[in-house]
Amino acid sequence: MKNKILTALLLSLGMGFGASTYAAPENIDIAIGEKIEKDDCSVLDEAVTPSLSKGVFASIQCEVDYNLVQVAACHESGRKKVEEITCAIIGEWNDTVQWNDSSCAAAGDTFETAATGKGFIGTNAGGSIAAADLGAACADGVPQAIFR
């Protein structure tokens, strides 16, 4: 279910991208029913309204330099136990393969999540939607911790 929500969110954000000059990444916490305007995320060509379920917290990071949108999400009732996760490529930008955890170096590597929970991350730069360690209980703003 979480993967479907994140996939829908990525697809809705991938409508179009524009070019621009250097700018620091724009981090946006998404509220249920909130419209994300182009002024909030300059990578977008038009405003989007992601659809979130109750209890889902999500954040978007827009990075103009790489024409990149990252989306991270978690659910407040999600699993809160130590879990072994397989490393996965979530995209490639800045000539670097990006993994779902900073400890990952190769396919087949694994890492453990903390007992506080996990979230999911995906990008418009190829790769897959993958689980990641949140480092804190899921709440507003917490998904930003898993941006690469």
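The values are calculated or read from the model by the stated rules, or taken from the named source; none is laboratory data. Keep in mind it's a predicted model, so treat the numbers as computed, not measured. Because the Cβ atoms are built from the backbone with ideal geometry, glycine has one as well, and the counts that use them run over all protein chains shown.
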Of the residues in the stretch 107-132, those that are assigned to a strand (DSSP E or B), in contact with a helix residue (DSSP H, G or I) (Cβ under 7 Å, 6 or more places away or on another chain) and not aliphatic (A, V, I, L, M) come to 119, 120, 122
If we take the stretch 22-84, then strands (runs of 3 or more DSSP E) inside it with 3 or more residues that are surrounded by 22 or more Cβ atoms within 10 Å (Cβ to Cβ) are 56-63, 68-75
Here the residues within the stretch 134-146 that are crowded, with 19+ Cβ neighbours inside 10 Å, out of contact with any Phe, Trp or Tyr (no Cβ under 7 Å at 6 or more places or on another chain) and either modelled with pLDDT of 95 or more or assigned to a loop (DSSP other than H, G, I, E, B) (or both) are 134
Scanning the stretch 71-94 residue by residue, the ones that are touching a residue at least 60 places away in the same chain (Cβ under 8 Å) and closer than 21 Å to residue 109 by Cβ total 1
Only one of (1) farther than 21 Å from residue 79 by Cα; (2) among the aliphatic types (A, V, I, L, M); (3) out of contact with any Gly (no Cβ under 6 Å at 6 or more places or on another chain) does not apply to residue 125, and that is (3)
Next item on the list: Take residue 104 and decide whether it is hydrophobic (A, V, I, L, M, F, W, C), assigned to a loop (DSSP other than H, G, I, E, B) and on the phi < 0 side of the Ramachandran plot.
Entry: yes
